[in-house]
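The structure under discussion appears below in the form of structure tokens.
The values are calculated or read from the model by the stated rules, or taken from the named source; none is laboratory data. Predicted model only: the values in this text are computed from it and were never measured. Note that we place each Cβ from the backbone using ideal geometry, even for glycine, and neighbour counts take in every protein chain shown. The area values use the complete protein model at the heavy-atom level, side chains included, leaving out ligands, DNA and RNA. Shrake-Rupley method; radii C 1.70, N 1.55, O 1.52, S 1.80 Å.
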Amino acid sequence: MTAHGGRPHWGKLHTRDAAYLSEAYPRFAEFTALRDRLDPDRLFANDYLRRVLGD
């Protein structure tokens, strides 16, 4: 699917990381900026979210 611009389903486990997703989603940086503002201490973070959203 990646060869055709496919994006993973957010409700399913996948192997994509923040670098890939930032290219696949044009507004990814806006979302991570919002997350930075609302959860600066990463209280709601886990290993999965660190991989898909970055630190």
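Structure summary
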item: Extreme residue, most open to solvent (accessible area, probe 1.4 Å), among residues of region 45-55 that are under 11 Å from the mean Cα position of the chain (by Cα) and among the aliphatic types (A, V, I, L, M); result: Leu49
item: Flag if Thr32 is at pLDDT below 90 and of a type in the set (S, T, N, Q); result: no
item: In region 7-44, the residues that are open to solvent by less than 100 Å² (accessible area, probe 1.4 Å), within 12 Å of Asp55 (Cα to Cα), out of contact with any helix residue (DSSP H, G or I) (no Cβ under 6 Å at 6 or more places or on another chain) and not in a helix (DSSP H, G or I); result: Asp39, Pro40, Arg42
